[in-house]
Amino acid sequence: MSTWPEEVAVLGLGLCTPLGLTARTTQVEMAAGTVRFFLTEVLDRKGEPLRASRLTLLEPHRTRSERMGALATTALHDCLKEARVEKTEPLPLVLALPTPGSGPAVDEESLLRALAEVAAPARLQVRPEGLCRDGRAGFFVALARAMELLLSGHARRVVVGAVDSLCDPGSLEHLLARRRLLCSSAREGILPGEGAGFVLLARASAPRRDGPRAQGRIHALALAKEPRHRLQTEPSLAEGLTSVFRQLHAHPAAGSRRVAHVLSCQTGEAYWGHEFNRAYLRNAALMPEPLVGHLVAESQGDVGAGAGAIQLGHALHVLGELDPEHEQALRALVYGCSDEGRVGAFIISRET
């Protein structure tokens, strides 16, 4: 269990998804309800093509590592281009990656080299603990580790990223073999997606005489572990998700206020719906009334480790479309759960 002790400012945002090569394009297309699901070259057990949300600028035969590299470098460039990063500034990177065994192995060294080239002349720094291999919950773990760097004084600013792809032929075959795909031979499953996102963070209390204007503020973050996770046989009691919602509601920065919107990193599978319903009923005082939410899978499919960053970007856009309540900035709740039981959530507002 963990909570975020201080507010953090979002100084930069970059996204790359099948809906757009920039944060702004992705945000607008998600808000408009655009979807880009295509038939793939991989066939299900009945000989019908599998569907996936793919970035069509990348050739279908590209490997998982190649797709992730292209998505991540594009998103990082989008994040840093207006952030006015000093030429020689050391810039720690904390990166959320897929869980080992979730598909074809990822060439992490090649990915990190490509990201360092995009960030140059700033000196991108990655420590071993800066790689978070926790699937859909990885971005939340990465945010917590970034805060540790900021609070300890080891960094003035930190880049936090998330990237995944489940659309390459190897990943599709992997998921098909494990009966995880929604297709003609399965009534429940996922529609694979892909995407990447990066945010530039600084302590909200740190003085900033120049540099980029804050786009948003993360008020509180919580982590927990779900003992009855998706990969075991017992039915979920939503203990982990209940815990993070309770932590956020009790956090001083949250002020015991309701959020205006809930954004989920999960798929449309029944397990996740039951889990949220249980945690929601135990934390109704935190939730919007009436309940208003968005499931990333509705527009992007299952984007795995990339989901948290994409939903952060969508939250900022959604909040910008809402009118402040009693002259107070509205807030959104973003949460994500990995198949292995890691759970994370944060509360975010948009700077006006």
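The values are calculated or read from the model by the stated rules, or taken from the named source; none is laboratory data. Keep in mind that this is a model prediction, so the values were computed, not measured. Reconstructed Cβ throughout: ideal geometry from the backbone, glycine too, with neighbour counts over all protein chains shown. Keep in mind that these areas ignore ligands, DNA and RNA; they rest on the heavy atoms of the full protein, side chains included. Shrake-Rupley method; radii C 1.70, N 1.55, O 1.52, S 1.80 Å.
Structure values in brief
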quantity	calculated
For the range 263-304 and the range 14-81, distance of Cα centres in Å	22 Å
Surrounding net charge for Ala146, when Lys and Arg each add one and Asp and Glu each subtract one, Cβ distance under 15 Å	+1
Share of carbon and sulfur in the accessible heavy-atom surface of the range 1-160 [1.4 Å probe, %]	52 percent
Leading residue at positive end of dipole, the range 209-274 (Cβ point charges), from Pro227, Gly211, Val259	Gly211
Over the chain: Kirkwood hydrodynamic radius from C-alpha pairwise inverse distances, Å	20.0 Å
Listed residues Arg246, Arg136 arranged by accessible area, highest first, probe 1.4 Å	Arg246, Arg136
FRET efficiency, Arg282 to Glu234 (Cβ-Cβ, R0 30 Å, nearest 0.05)	0.95
